[in-house]
Amino acid sequence: ALVGKAGSGELAERMLTTVCLVGDQFQTFATHPAVWTVSGFVAEVRRGCFDNLRGPLSISWGQGVTGYDREFVRDGLRARGLLDSVLLAGEEPALVNRSRTHKQREANAVLAGLRRTSEDTYRASLRLHPENEFLLDHQSGEHLQGMVVIEAFRQMFISVCEQFVAVRWPERRYCYIWHGMDLRFQNFLFPVQADVDCRIRD
């Protein structure tokens with residue numbers, strides 16, 4: 001069950017099973033029930049808000065949360081003696097590396113755990129660093145801006161080509177050229193866990 005936020009005393013009396021932590025830049029999205037920013041969550045932990053929960057607390061990681069942030073959360077829980085009673089989501093898969101994404105700064109690589117799922121399909125996890133170029137100057141609302149989605153698909157195309165196609169001819173070096181792009185947005189993308197799928201048609 002997901003519960004809304006309340007004063008520290010009220011929250012301690014409720015069963016809280018799952019919360020999603022997002023990076024501090026997504027504070028507008030963190031107004032939703034069971035969603036907290038990293039800093040907001042640790043502040044509540046330090047105040048003792050979670051000391052008397054009647055059930056286990058499960059934490060999932062949203063976007064904008066780094067390994068540095070995760071350790072900050074663990075330290076906050078450990079200091080209150082809560083770490084052993086909290087279920088933390090597993091670590092993120094490895095970030096797709098520079099030679100495949102063609103991004104020089106790690107903060108601008110947006111894919112992790114790239115893998116083949118069938119003969120012609122591929123999947124990777126969306127992973128946004130808080131200092132990603134698309135978050136620094138236009139993160140004013142609850143959802144991720146469309147350019148983040150477009151960049152994720154762009155990196156997916158290049159990474160799939162590098163990891164699964166070009167690798168067949170290691171003596172060659174390739175450039176990747178877009179001839180066109182047809183975009184349709186059917187829904188908003190919020191800063192929670194998400195996957196990017198790719199199908200090669202030809």
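The values are calculated or read from the model by the stated rules, or taken from the named source; none is laboratory data. Remember, it's a predicted structure, so these values are computed and weren't measured experimentally. Neighbour counts run over all protein chains shown; Cβ positions are idealised from the backbone, glycine included. Ligands, DNA and RNA are excluded from the accessible area calculation, which covers all protein heavy atoms including side chains. Shrake-Rupley method; radii C 1.70, N 1.55, O 1.52, S 1.80 Å.
What the table below lists for this structure:
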item: Solvent-accessible area, 1.4 Å probe, carbon plus sulfur percent, for the range 147-202; result: 54
item: For residue 58, residues with placed amide H under 5 Å, excluding near neighbours; result: 18, 19, 87
item: Whole-Hz ³J(HN,Hα) from phi, Karplus 6.51 cos²θ - 1.76 cosθ + 1.60, for the range 149-166, glycine and proline x; result: 5, 4, 5, 4, 5, 4, 5, 5, 4, 5, 5, 5, 4, 5, 7, 10, 10, 5
item: Whole-percent carbon and sulfur share, accessible surface of the range 39-119, 1.4 Å; result: 46
item: Counted charge near residue 42, where neighbours are those whose Cβ lies closer than 13 Å (Asp, Glu -1; Lys, Arg +1); result: +1
item: For the chain, projected area of the alpha-carbon convex hull averaged over all directions, nm²; result: 13.3
item: Radius of gyration and Dmax over the Cα atoms of the range 78-180, both given in Å; result: 17.0, 56
item: Calculated [θ] (222 nm, deg cm²/dmol) that DSSP helices of n ≥ 4 give over the chain, each run adding -39,500 (n - 2.57); result: -6500 deg cm²/dmol
item: Dipole magnitude of the range 106-199, debye to nearest 20 (Cβ charges: Lys/Arg +1, Asp/Glu -1, about Cα centre); result: 400
item: Å² of accessible area per residue within the range 110-202, as computed with a 1.4 Å probe and no ligands counted; result: 68
item: Net dipole in debye of the chain [+1 Lys, Arg Cβ; -1 Asp, Glu Cβ; about Cα centre; nearest 20]; result: 380
item: For the chain, with +1 on Lys and Arg beta carbons and -1 on Asp and Glu, the positive-most of 148, 77, 190 along the dipole; result: 148
